[in-house]
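Beneath this line is the structure, given in structure tokens, with notes to follow.
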Amino acid sequence: MTCTVVTRNPDILGGAPVFRGTRVPFQALLDYLEAGQTLQEFLDDFPTVSRETTIAALEEAKALVLAHLE
């Protein structure tokens, strides 16, 4: 599976996974959700990331986890 919405580049945030076309780390989304904040709160704080992009990233992460468990 090729990740299309999250990318890594050593020149952007030291290679941390970020939403494509932004400097917003994917980890920030996970941290928000882990802390009990809503997806809308994340989107409000990071307006360069769309709802569709966040959902696609979560779907890709889910697929990777499920594939790893098989």
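The values are calculated or read from the model by the stated rules, or taken from the named source; none is laboratory data. From a predicted model like this one, the values you see are computed outputs, not experimental measurements. Reconstructed Cβ throughout: ideal geometry from the backbone, glycine too, with neighbour counts over all protein chains shown. Remember, those area values only see protein heavy atoms, side chains included, never the ligands or the DNA or RNA. Shrake-Rupley method; radii C 1.70, N 1.55, O 1.52, S 1.80 Å.
Structure values in brief
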quantity	calculated
Output for the range 27-70, where each listed residue is among the polar types (S, T, N, Q) and either within 14 Å of Pro17 (Cβ to Cβ) or open to solvent by less than 90 Å² (accessible area, probe 1.4 Å) (or both)	Gln27, Gln37, Thr38, Gln40, Ser50, Thr53, Thr54
Close pairs (6 angstrom Cβ cut-off, 6 or more residues apart or separate chains): more than 12 Å from Leu30 (Cβ to Cβ) in the range 53-70, open to solvent by less than 80 Å² (accessible area, probe 1.4 Å) anywhere	Thr53/Val5; Thr53/Phe19; Ala56/Val5; Glu60/Cys3
Condition met for Ala61 (in a helix (DSSP H, G or I), touching a strand residue (DSSP E or B) at 6+ places or on another chain (Cβ under 6 Å) and not acidic (Asp, Glu))	no
Complete set of residues in the range 1-19 that are in a loop (DSSP other than H, G, I, E, B) and without any contact (Cβ under 8 Å) to a residue 24 or more places away in the chain	Thr2, Arg8, Asn9, Pro10, Asp11, Ile12, Ala16, Pro17
